[in-house]
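Visitor: Once you've had a glance at the structure underneath, I'll fire off some questions.
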Amino acid sequence: MTQTVKDDSTRRSGTAALIATSLTLFSMFFGAGNLIFPPIMGASAGSNLGPAMIGFLIGGVALPVVSIITIALSGTDMRDLVSRAGRPFGLAFSCLVYLSIGAFYALPRTGAVSFSTAVAPIIGSQSTIASLVFNLIFFGIAFYLSWNPSHVIDSLGKVLTPLLLGLLVLLVFLCLASLPASHDAPTGTYVSTPLAAGLLDGYMTMDSIAALAFGIIVVTSLGHTGGGIGAKVVRRTSLAAAIAGSLLALVYVGLGLIGHVIPGGQDYTDGASLLADAAQMTMGWPGQLVFGLIVLTACMTTAVGLIAATSEFFHRLIPAVSYRTWIVIFTLISYFLASAGLSSVLAVAVPIITFLYPIAITVVAVTIAAHPLRLLTPAQWTFRLAAWTATAWSGATTLAQIGAGGSFLDAVLTWSPGQGLQLGWILPTLIASAIGACIDARLITRADR
């Protein structure tokens, strides 16, 4: 009887930890970008909302979920995964990812977006002093919540995420219940290629890259809450990622529908102002407060997740510098960048993120595809040639976008189909991975002899 009670208690504890981890993962994914991209997509897609939303869910939900599972399959963090292409490659790629989604871009953006979107309209000022004071409070709270990594799950999964979900459900329900249906025609790339356009919008949430970073927190949490090790952690991580992905999908569909039904939706240039007006149309002046709370909560949960994941990674990379020292460093950098403005940071960060995406997707895809064959071959050359080719093609594309390389580089890149949609890297990467698979198969044959 005593053993049965203990087993039930352990099972309930494990289930509660799984739910909390799932909610935490959702909250870390759902930041400012996730809030503002779907409404603009819903407005721009018009009558092509269906295929556009499918593309968005592939890029903004399916890829991040698979990325989290990939981290669990490969080890504990991104460096374990990417180092299969070589230690220098793994180190350089991992550091670029953590810095681009951390203190040098996404982290300061959480504070800057919170101030400009949620606070400045209410106080009627965007002065530097007001920004300094707000960001001091904002990053001070994020610093406190991420101080103890074992409490991150409790802070986000049990407190902030339910608040965020409740506010989002309220906004979506009121908008869909009170605003008339739209019959606008699609605009821009949504006219001819709505699926691809939605997919690229899903990329811009940056969650496929962020998932590689957040994997540390999820695997570590579930590895110490009754999940055990090995296959158990993989199963529980996969379930947590699926739950978080389902929540993301529901919220994205709701936000996309708001953009689809709001009057004059295609006149807006950004999702923040569209949602702010939708909240005011449906709730009056309290709507501005509700929308402000949504933005603040979304940005805060993302900030805490990024600080914790980035600090944990660099502590593992340089153990002599403690986790809490890294928290101080990254919080201070983010505070000053957010307070000073992000225009110069964005000019550098956006090309870096564009460069990283094809590599991240390639690494995840090859790992998943080769996993069933792991007992036969490590698929070393499949992984290496695919990763190296994606890196080379993505680097060349980034150079072409900033005007380097001239007409010769443009001519080489346009050889691959989909280059105009930023998908030209797929075919050469598939060819390289096929060559690598042939090499790996030949190595297996030689070993058997």
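Please treat every number below as a calculation from the coordinates, not as lab data. Computed from a predicted model, the values in this text were never measured in an experiment. Cβ sites come from the backbone with ideal geometry, for glycine too, and all protein chains shown count toward neighbours.
Visitor: Who wins for biggest fluctuation among 322, 334, 114 in a Gaussian network model of the chain, springs between alpha carbons below 10 Å?
Guide: 322
Visitor: Between residue 123 and residue 173, what FRET efficiency follows from the Cβ-Cβ distance if R0 is 45 Å, with the result rounded to 0.05?
Guide: 0.95
Visitor: Ok, one more. Can you list which of the DSSP-assigned H helices in the chain have a Cα extent of 15 Å or more along the long axis and an average Kyte-Doolittle score of at least 1.6?
Guide: The qualifying helices are 63-74, 128-145, 161-178, 207-223, 343-370.
Visitor: Test of understanding: in a Gaussian network model of the chain with alpha carbons linked when under 10 Å, which of 283, 41, 204 would top the mean-square fluctuation ranking?
Guide: Answer for the Gaussian network model of the chain: 283.
Visitor: Net charge around residue 44, counting only other residues with Cβ within less than 13 Å of its Cβ (Lys, Arg = +1; Asp, Glu = -1)? Each step should come with its number before you reach the end.
Guide: Values: positive: none; negative: 184, 201, 267, 270.
Around residue 44, the charge tally is -4.
Visitor: So, in Å, what gap is there between the alpha-carbon centers of region 241-318 and region 395-433?
Guide: About 32 Å separates the Cα centre of region 241-318 from the one of region 395-433.
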